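Nothing in this text is a laboratory measurement; each read-out follows from the coordinates by a stated rule. On a predicted model such as this, the values are computed, not experimentally measured, just so you know. Ideal geometry is used to build each Cβ from the backbone, glycine not excepted, and the neighbour counts take in all protein chains shown.
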Amino acid sequence: MVRFGILYVASFSWRPTFRDTCNHSRALGVRLRVVDEMPRSKGVGAHAAAWVVKRMLWSLYSSIGARNDLWSGVWTAKREAPVLVRLPGVYPAQHDTWALVGALKQVTLGPDSRVLDLCAGSGVLSVCAAKQGAGRVTAVDVSRRAFATTWINARLHRRSVRVVRGDLTEPVRGERFDLVVSNPPYVPAEAAGLPHSGIARSWNAGTDGRAVLDRICVQVPDVLNAGGVLLLVQSALSGIEKSQTMLEERGLRVDVVSRVEVPFGPVLAARRDMLAQRGVIGPGQRSEELVVLRAVK
């Protein structure tokens, strides 16, 4: 039995099993049973929290069950990224996430490495960095749900991650890191202001998509050690050259280490006419280029 604060989660078994071995097919079997029958003295809040954890564990079960082409207790064979649970309203790992995970895997990390994950979301990058051997990993996100999701995922994977709720580098001002990774909001929106709640704030980034990117380019160099590295993913729709220029003006050496063309998701597809009217995309364009920038101090 595992205790999550005042929650008791029992019979959590993660059992990879081979099926149809004569056909060389593989699948992952998962059995989950969450016990949330607690004494009434624990109160309504405890029962509500138990329900949330149960929903998260069910999302883990569903995500694994939907992937019949992989087998792994922790890492997926397809993306070599950890299987995670996710609270509603937290940004799901997508193409940009996997591009950044690929770049992260090219970095050598050791017990003395200090890693900062900005806009942590589900915590996938934090967990990956910890698995690669980073001695100290700090995850920062302004969202309470992202904070909770990252905290739970780090513990489900038995990794030490310090999770902090706050606005970009504000909570770690005065600290220095060897590696900063960030998958920030970068989608151009109709309004200039940033959302204060809801999942839209994980992608909406002002009319030019740079409301958060510009702040990262200004703030991150101040928390990097000499020789430290920033890995930043963004869309070409949000101005790759501007990010490069801003980082270089702060004394960093910048290279593009990854490029991938992906079709518009539901958000960009819904904004295609608006982006075309602004001249951000061409007529009939239905895909965007994602890039990972590597900036060395």
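A few remarks follow.
- The range 162-185 versus the range 94-150: alpha-carbon centroid distance in Å: 10
- In the range 150-255, Rg over Rh equals 0.98, where Rg is the alpha-carbon radius of gyration and Rh the Kirkwood radius from pairwise Cα distances.
- Peptides 168-174, 112-118, 97-103 ranked from most to least packed by the mean count of surrounding Cβ atoms within 10 Å: 112-118, 97-103, 168-174.
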